[in-house]
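Heads up: the structure comes next, in structure tokens.
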Amino acid sequence: MEKIINNSRLEIIQGDITVQATEAIVNAANPGLMGGGGVDGAIHQAGGPSILEECKEIIARQGRLPAGQAVITTGGNLKARYVIHTVGPVWRGGRYHEPELLAVAYRNSLELAVYNKIKSISFPSISTGAYNYPVTEAARIALKTVYDFLVRHNTTLGEVIFVLYGQSNYRAYEIAFLSLAGES
């Protein structure tokens, strides 16, 4: 499922983000950038030790990453040249600015990609695994944030892909995508 927005293609697919050939993939990282479970662990495992070494250097230089922030490393052994690591919010019922922090995580990742002249980027569903963000709400926020960014900025980004693990995640994003397409 795809839509053209201001000369950029926004697409959702079901699959494994670690095998994407976009120039960058986004990692739903933890604040320590040390790998972990889910997408984060899979990216670190597939990308090899060079990603972890770069993450350690970033943490030594600037400390742990707060929710919403993003940093970039090389892609190590991945097909992607870069990994943009962003920390999404832990879901605590929606009363602690989780929607705003989730949107900021996507926006900061996009801004970092544009700053680095990246032409294609793949996103997972940030915060919906171990951080328990409800996927239906997360999908709406993610797609709306990316859509608004692409509408407002004439960027080098030619392609933004949401790579969703599992049928239920894909379906939630598909529903949000259709709703977004109906609004525009």
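Quick look at the values:
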| read-out | value |
| --- | --- |
| Residue that is surrounded by the most Cβ atoms within 10 Å (Cβ to Cβ), among those in region 94-134 that are of a type in the set (Phe, Trp, Tyr) and free of Cβ contacts under 8 Å to residues at least 12 places away in the same chain | Tyr96 |
| Filter result for the condition that a residue is open to solvent by 10 Å² or more (accessible area, probe 1.4 Å), out of contact with any strand residue (DSSP E or B) (no Cβ under 8 Å at 6 or more places or on another chain) and not polar (S, T, N, Q), over Ala67, Ala46 | Ala46 |
| Residue check, Ile51 outside any helix (DSSP H, G or I), at negative phi, open to solvent by less than 20 Å² (accessible area, probe 1.4 Å) and of a type outside the set (D, E, K, R) | no |
| Selection from region 1-30 of residues that are touching an Asp or Glu at 6+ places or on another chain (Cβ under 7 Å) and of a type in the set (A, V, I, L, M, F, W, C) | Met1, Leu10, Ile12, Ala28, Ala29 |
| From Ile4, Ile13, Ile58, Ile25, residue being farther than 19 Å from Ala139 by Cβ and in a strand (DSSP E or B) | Ile4 |
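The values are calculated or read from the model by the stated rules, or taken from the named source; none is laboratory data. Predicted model, so just to flag it, every value in this text is computed and none were measured. Note: ideal-geometry Cβ built from the backbone for every residue, glycine included; neighbour counts use all protein chains shown. Accessible surface is based on the protein model in full, side chains and every heavy atom, while ligands, DNA and RNA are left aside. Shrake-Rupley method; radii C 1.70, N 1.55, O 1.52, S 1.80 Å.
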